[in-house]
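Student: The structure is given below, and queries will be raised subsequently.
Coordinate-derived values only; no laboratory data. Please read all numbers here as calculations on a predicted model, not as lab measurements. Quick reminder, even Gly has a Cβ in these numbers, built from the backbone with ideal geometry, and neighbours come from all protein chains shown.
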Amino acid sequence: MADSENLTRAPSSRRRTVLWGVAAGLAGAAGLGLSLRHANDSAVAADPVPGFWAQEWQTPQDTTLAMARFKGRPVLVNFWATWCPPCVDELPLLEGFFKEQGGRGVQILGLAIDRKEAVLPFLQKLPLSFPVAMAGLSGADLGRALGNLTGGLPFSVLIASDGSVAQRKMGRVTPADLAAWAAVK
């Protein structure tokens, strides 16, 4: 009789174990969801690469431009050089986009992988409203860290306001790229 009692109690015991397991799994999933929600709230403008927002660059006019000024806003970082024809070709398009955005959307930062002696006279001939900084070889390293594995130019990276990399573009940007990127928050 003891064996038949164990057989009748076994399904009930198993059912209880399964129910406890399901309850524990649901509680764990709820806890994970809450922690991810709070992690996303506190991770506003995380570094897309280590130390990104702490970087500072010299402008062609010898002032300092801190990446931190863009933190918490979408920013299009465009790596370019005066000796790069596709880079030069896309600058008027980027200038128009920057003027159109008017501080209400995506910001632009031009990082020149070049020498000041070339950039300063270039900008006198083709003035740009968006900030330009001298990145030199360290800019090429930053570009690689952001996904430009070949080191080619032009290279653009759109960083969302939460610090995540929203888009990467090797080569000239197009009006369609910019129209889509204008909606990034």
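Student: Add +1 for every Lys or Arg and -1 for every Asp or Glu among the other residues with Cβ under 11 Å from the Cβ of residue 94, and state the total.
Tutor: Here the charged neighbours net out to -3.
Student: List the lysines whose Cα sits under 23 Å from the Cα of residue 185, skipping any in the same chain fewer than 8 residues away.
Tutor: Hits, sequence-local ones excluded: 71, 99, 169.
Student: List every residue whose amide H lies under 5 Å from the amide H of residue 109, counting only residues 5 or more places away in sequence or on a different chain, with H placed 1.01 Å from N in the peptide plane.
Tutor: Result for residue 109 returns 76, 77, 78.
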